[in-house]
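**Student:** Handing you this structure, nothing more for now.
The values are calculated or read from the model by the stated rules, or taken from the named source; none is laboratory data. None of these values were measured; they are calculated from a predicted model. Counting neighbours? That spans all protein chains shown, and the Cβs are built from the backbone with ideal geometry, glycine included. Remember, those area values only see protein heavy atoms, side chains included, never the ligands or the DNA or RNA. Shrake-Rupley method; radii C 1.70, N 1.55, O 1.52, S 1.80 Å.
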Amino acid sequence: MNTKTMKIIMMLLGNLLLGIAVAILRMSRFGTDPFTCMNLGVSGFLNISFGTYQLLVNIILFIFVLWKGRSCIGAGTIVNMAGIGYIADFGVFVLTKCLGQPEMLSMQIRILLMIFAVTMCSFAAAMYMEADMGIAPYDAFGVIIEKISNRKIPFKVARVLTDVICVAIGFLFGSIVGVATVITAFCMGPLIEVFRVQCMEKLVIKYGN
């Protein structure tokens, strides 16, 4: 398999897994990742579907990234912008049909869903970011901050800062801020970095040619 084909697969699979992970987090009812937390809160307040609202927010952020971080834009950007929200909505629909309403799930099941989803979110984000075919406008913020600060603010720190801001906005608009939200706000940036270095970079080197 050549490197280009591998990266296309990584980009598509990473985005698909990311959407599914968001759906699983929503089912756990322990809160979601910070960006989703913010968008769920505001979309609920405005009575707009999550998928549609997330797409609108991504378009606004895309304009900023186009100005400050054009190198972050690619096919993966479009796939993420247009797909994640709707994949998550569909995932919640399917999981509800299979498992029942989220509020009826046992505490043990919800904890397992949360742990699995947080890990899956970080892994999936690392996968599609390492494909280097464009990243989501929100994910690009950490890269842009690292770049304009001349690496004085590393990606993992920048990601924590933007995540905390998203959680605060989500909380103000009535979104669920739970254990998973706090964990992802402070741990997703470092976890993404670990998965990129320990898994994805080695995968591209080993199987790409």
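**Student:** Give me the percent of the accessible area of the chain that comes from carbon and sulfur atoms, probe 1.4 Å, all protein chains in place.
**Tutor:** Values: 7480 of 10450 Å².
Of all accessible area on the chain, carbon and sulfur atoms account for 72 percent.
**Student:** Report relative contact order for segment 144-209 in percent, whole number only (criteria: Cα-Cα under 8 Å, sequence separation at least 6). The partial results should precede the final answer.
**Tutor:** Values: 31 pairs, mean separation 19.2, N = 66.
It comes to 29 percent, rounded to a whole number.
**Student:** Under DSSP H, which helices of the chain have Cα atoms covering 24 Å or more of the helix axis and a Kyte-Doolittle average no less than -1.0? List each step's numbers first, then the result.
**Tutor:** Numbers: long enough: 3-28 (36 Å, 1.44); 50-68 (27 Å, 1.65); 75-99 (34 Å, 1.36); 107-130 (34 Å, 1.49); 155-172 (26 Å, 1.78).
Taking the DSSP H segments of the chain (at least 24 Å long, mean hydropathy at least -1.0), we get 3-28, 50-68, 75-99, 107-130, 155-172.
**Student:** Sticking with this one: So what is the relative contact order of the chain, in percent, for Cα pairs below 8 Å that sit 6 or more residues apart? The partial results should precede the final answer.
**Tutor:** Details: 329 pairs, mean separation 81.8, N = 209.
Over the chain, the number comes to 39 percent.
**Student:** Tally Lys and Arg at +1 and Asp and Glu at -1 over the other residues with C-beta under 14 Å from the C-beta of Thr96: what net charge comes out?
**Tutor:** Details: positive: Arg26, Arg29, Lys97, Arg110; negative: Asp89, Glu103.
With Lys, Arg at +1 and Asp, Glu at -1, the neighbours total +2.
**Student:** A follow-up question, please. Quick check on segment 1-116: take the gyration tensor over C-alpha atoms, sort the square-rooted eigenvalues as a ≥ b ≥ c, and tell me if it's rounded (a/c under 1.5), prolate or oblate. Could you put the intermediate results ahead of the total?
**Tutor:** Working: a/c = 2.47, a/b = 1.42, b/c = 1.74.
Verdict is oblate for segment 1-116.
**Student:** Still on this structure, please answer the following. If you take the square roots of the eigenvalues of the alpha-carbon gyration tensor of segment 74-171 and sort them as a ≥ b ≥ c, do you get rounded (a/c under 1.5), prolate (a/b over b/c) or oblate? Before the final figure, lay out the partial values.
**Tutor:** Values: a/c = 2.44, a/b = 1.73, b/c = 1.41.
It comes out prolate by the Cα gyration axes.
**Student:** Sorted by mean Cβ packing within 10 Å, highest first, what order do the peptides 118-127, 156-165 take? It would help to have the intermediate numbers written out before the result.
**Tutor:** Numbers: 118-127: 22.3, 156-165: 18.3.
Order by mean packing, descending: 118-127, 156-165.
**Student:** Express in whole angstrom the spacing between the alpha-carbon centres of segment 116-194 and segment 40-71.
**Tutor:** 15
**Student:** Roughly how many nanometres apart are two label points built 7 Å out from the Cα toward the Cβ at Ser106 and Phe186?
**Tutor:** Result: 3.0 nm between the two label points.
**Student:** What does the accessible area per residue of the chain come to in Å², with a 1.4 Å probe and no ligands, DNA or RNA counted?
**Tutor:** Numbers: 10450 Å² over 209 residues.
Per residue, the chain has 50 Å² of solvent-accessible surface.
**Student:** Turning to a different aspect of this structure: Only four residue types carry charge here, +1 at the Cβ of Lys and Arg and -1 at the Cβ of Asp and Glu. Report the dipole size of the chain about the Cα centre in Debye, rounded to the nearest 20.
**Tutor:** It comes to approximately 360 debye.
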